[in-house]
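The values are calculated or read from the model by the stated rules, or taken from the named source; none is laboratory data. All values derive from a computational prediction rather than experimental measurement. As a convention, Cβ positions derive from the backbone with ideal geometry for all residues, glycine included, and neighbour counts pool all protein chains shown.
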Amino acid sequence: MSKPVGPYTPIVKAGPWLVASGQVGIADGALVPGGMGAELRQAMANLKGLLESQGASMADVTKTTVFLTSMSDYGEMNEIYCELFGDHRPARSAVAVAELPIGAVVEIEAWSYVG
């Protein structure tokens, strides 16, 4: 797991819920090269690691929010998102933002039900 880039907790248990803070494509302390696709794959790997650290899995995710710095990446994001979640389809919001931490172009946060 990567160290947070700000003063927050990466994942918090709240009753039967796990709330994962937004994950960007950081590996070994730096943003992975390769653009949105590579960043999303790494961000999802980071999310998976957070969930597994709490005994949960991607199958427990019930809601995600995806932040993109460009909606022109929406189609590619959908393809990768579907590939990585498989047949599991959490509720999702996807929004465009002006900027993300450390120059990332995509960030994903998640709520997981583990009750």
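For beta carbons closer than 7 Å, sequence separation of 6+ or different chains, a first residue in the range 71-100 that is touching a residue at least 60 places away in the same chain (Cβ under 8 Å) and a second that is hydroxyl-bearing (S, T, Y), the qualifying pairs are L100/T69.
Can you tell me which residue within the range 74-115, out of those that are of a type in the set (F, W, Y) and touching a helix residue (DSSP H, G or I) at 6+ places or on another chain (Cβ under 9 Å), is surrounded by the most Cβ atoms within 10 Å (Cβ to Cβ)?
Only one residue tops the list, namely Y81.
Among the residues of the range 9-32, those that are touching a Gly at 6+ places or on another chain (Cβ under 8 Å) and outside any loop (DSSP other than H, G, I, E, B) comprise W17, L31.
Let's see how each residue does on (1) surrounded by 14 or more Cβ atoms within 10 Å (Cβ to Cβ); (2) touching a helix residue (DSSP H, G or I) at 6+ places or on another chain (Cβ under 9 Å); (3) closer than 18 Å to V106 by Cα; (4) at pLDDT 95 or above:
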site: G15; (1), (2), (3), (4): no, no, no, yes
site: A20; (1), (2), (3), (4): yes, yes, yes, yes
site: E39; (1), (2), (3), (4): yes, no, yes, yes
site: N46; (1), (2), (3), (4): yes, no, yes, yes
site: L50; (1), (2), (3), (4): yes, no, yes, yes
site: D60; (1), (2), (3), (4): yes, yes, no, yes
site: K63; (1), (2), (3), (4): yes, no, yes, yes
